[in-house]
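Here's the structure we're looking at; comments come further down.
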Amino acid sequence: MSAGGRPVLRARWLNAAQAAVAVLLAVAVNVVAVRLSARVPLSADMTANARYSLSAQTREFLSGLDGEVDIRVLARKADFESASRYTSYAATLLAQYPLHGPVTVEYVDYLRDPSFAAAYPELPLEANGLVINREGRAAFLGVGDLFEYSTLPSNEVKVTAVAEARIAAAIASVYSERRAAAGMLTGNGAKPAAELRALLEKNGYGADDVPLTSASFDPALDVLVLVAPT
């Protein structure tokens, strides 16, 4: 589909809790925006009128989960809360998750506990990040994944919180028995779409190249993406 010249992608989240999260990805030249529609809000502006409470959509999403999810913050609680305005915001947000669903939030000084990192050899752990885990399936979000940064014409840096969307996507991914899969169609002058690939991966998708000349497409793919063919 296209809207105003922008390719639009709609996909379906699968998870064992039967909590569907609809994802709408809009892509323009050098601009990628993501919106988790229906269930999870996209963002809160951190430069003004910052929102420090979970939205109704997120509370509904959490209440639909049918099994425990563990969120471990890789820092001591006091250090995380005081590290910056943004980690303080994230700590305030995280404190509300256990109030609305089967979610536990724990702070771990993982630098002093090498056994913790050893339990997640496949994850690129770093200080102040989040490990989201359910029954051995785990995902990692760096603190930088919870915010997006842009420069306004006034040279002011605008920081947009995308924590709710990213945490919801991570929870959905660890609930799913398989990772959602996207095929990035190549050939016929299609654009590389590195930004879209990175965005898909941040939202729990595998994103592999698929030549347009393929005789057939893998039926396990949830979505095929063709960006600006010429």
Q: Could you pull out the GluC sites (Glu not before Pro) across the range 63-140 that fall in loop regions by DSSP (anything but H, G, I, E, B) with no more than 16 other Cβ atoms inside 10 Å?
A: E68, E122, E126, E135
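The range 45-114: which chymotrypsin sites (Phe, Trp or Tyr not before Pro) are DSSP loop and have at most 14 other beta-carbon atoms within 10 angstrom?
Details: sites: Y52, F61, F80, Y86, Y89, Y107, Y110; in loops: Y52.
Taking the range 45-114 and a limit of 14 other Cβ atoms within 10 Å, the loop chymotrypsin sites (Phe, Trp or Tyr not before Pro) found are Y52.
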Q. Dipole magnitude of the range 115-169 about its Cα centre, charges +1 at Lys/Arg Cβ and -1 at Asp/Glu Cβ only, in debye to the nearest 20?
A. 100 debye
Q | Charge-dipole axis of the range 97-178 as Lys and Arg at +1 and Asp and Glu at -1 on Cβ define it, positive-most pick from S150, A118, Y175 | A | Y175
Q: Could you tell me what fraction of 2.2 N^0.38 Å the Cα radius of gyration of the range 103-230 comes to, as a two-decimal ratio?
A: 1.29
Q) Hey, if you drop one equal point scatterer on each alpha-carbon of the range 50-156 and run the Debye formula without solvent, what base-10 log of I(q)/I(0) do you get at q = 0.17 Å⁻¹? A) -0.87
Q) Tell me, what is the FRET efficiency for K158 and A228 to the nearest 0.05, using R0 = 35 angstrom and their Cβ-Cβ distance as r? A) 0.85
Q) So how far apart, in nm, are the two label points at S88 and D109 if each is 7 Å from Cα heading toward Cβ? A) 2.3 nm
Q) If you project the alpha carbons of the range 111-150 onto their three principal axes, what span does each projection cover, largest first, in Å? A) 37, 24, 13
**Q.** Among G187, Y89, G129 the positive-end extreme of the charge dipole of the range 88-227 (Cβ point charges)
**A.** G187
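Every number here is computed from the coordinates shown, using simple stated rules; none is lab data. Because the structure is a prediction, the values reported are computed rather than measured. Cβ atoms come from the backbone with ideal geometry, glycine included; neighbour counts cover every protein chain shown.
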